[in-house]
1. I need to check one value: relative contact order of the chain, counting alpha carbon pairs closer than 8 Å and at least 6 residues apart, in percent.
2. If each DSSP helix of 4+ residues adds -39,500 (n - 2.57) and the sum is divided by the residues in the chain, what number results at 222 nm, nearest 500 deg cm²/dmol?
3. Between residue 29 and residue 17, what is 0.36 nm times their sequence separation minus the Cα-Cα distance? Round to one decimal in nm.
């Protein structure tokens, strides 16, 4: 079984882990209702996506 001959230095360890950082979530805002929406997703508040109504949400005024 292979065993390291020398200890890995902090510099080499850091170079290896340089891509392990967290990436912040990109948040955009719906052009119709200005609610925060993830990119390439339908707005959950109004159903708007790419300049049109992608889904028909039930109106709260109708009761159900």
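Read-outs: derived from the displayed coordinates by stated rules, not from any lab. This is a predicted model, so every value here is computed, not measured.
1. Result for the chain is 15 percent.
2. Rounded to the nearest 500, the figure is -2500 deg cm²/dmol.
3. Here the segment from residue 29 to residue 17 would lengthen by 1.0 nm.
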